[in-house]
Amino acid sequence: MKTYNSEELQNILTKHLLWIENKGKGKRADLKGAYLKGVNLEDANLMGANLEYANLKYANLKGANLMGANLEDADLKGANLEGAYLKDANLMGANLEGANLEDANLKGADLKYANLEDANLMYANLEYANLMGAYLKDANLMGAYLKGANLKDANLMDANLEGAYLKDANLMGANLEGANLEGAYLKYADLEGANLEGAYLKDANLEGANLEGAYLKYADLEGANLEGAYLKYADLEGSYSEIGVF
């Protein structure tokens, strides 16, 4: 892995800023495979930068601009990305285990197969983000905005989605076993074949949601809105709602 001292890194950032402002000048930051463990890049402008395969473990990227950046297969374990701007960024296959993404903007970002285990995504904007096959076990998505997000086959076991906004989200085949979805907004969400065993769905809005073939064994549906929801072949054994135990 390529290493950089602080002077070299600052030179790359300066040239990159010129490249952003005027494509005829400067040079796009190419930090592919760079060793940047623990580096401080708070508020840095890395829009469109190439950070593919970079080691950014425990890096400080708080408030950084990473719009359209390439972070495919990058290692961001434990990194601080609070309030970072990652709109349309490529994070496919990236390792974000334990990373802090609170209030981060990930609208339209590609997080396909990314590892987000135990990550903090509180109030993050993930509108239309691609999280297909992503690993989100124990992740905190409280209050996150996931309108139209693709979570097909994602693993959200024991994740916290309290108050999350998931209208029109694709959760087909997703694993939500033991997840907290209290007060979550899932209107028109597609949960076909999803595993919701033991999930906490108190006061959740599932109006018009597709729950065909979903596994809801022992799920708590107290106060949940299931108006117009499609429950064909759904397994509700032992689940609880205001009308009793199924």
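The values are calculated or read from the model by the stated rules, or taken from the named source; none is laboratory data. Being a predicted model, the structure only gives us computed values, none of them experimental. We place every Cβ from the backbone using ideal geometry, glycine too, and count neighbours over all the protein chains shown.
Summary of computed values
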quantity	calculated
Residue in the range 78-85 that is more than 21 Å from Tyr135 (Cα to Cα) and buried (at least 20 other Cβ atoms within 10 Å of the Cβ) present	yes
Failed item in (1) over 30 Å from the mean Cα position of the chain (by Cα); (2) assigned to a loop (DSSP other than H, G, I, E, B); (3) at negative phi; (4) surrounded by 13 or more Cβ atoms within 10 Å (Cβ to Cβ), with Leu18 passing the rest	(2)
Hey, Tyr58 over 23 Å from Asn175 (Cα atoms) and either at pLDDT 95 or above or in a loop (DSSP other than H, G, I, E, B) (or both) or not	yes
Failed item in (1) in contact with a strand residue (DSSP E or B) (Cβ under 6 Å, 6 or more places away or on another chain); (2) at positive phi, with Asp110 passing the rest	(2)
Residue pairs meeting the criteria (Cβ under 9 Å; at least 6 apart or on separate chains; first among the acidic types (Asp, Glu), in the range 31-52; second assigned to a strand (DSSP E or B))	Glu42/Asn60; Glu42/Asn80; Asp43/Asn65; Glu52/Asn70; Glu52/Asn90
Which listed residue is closer than 17 Å to Glu82 by Cα and surrounded by 16 or more Cβ atoms within 10 Å (Cβ to Cβ), from Leu46, Leu51, Leu36	Leu46
Pick from the range 168-191, criterion within 15 Å of Glu212 (Cβ to Cβ) and in contact with a Gly (Cβ under 7 Å, 6 or more places away or on another chain), ranking: surrounded by the fewest Cβ atoms within 10 Å (Cβ to Cβ)	Tyr188
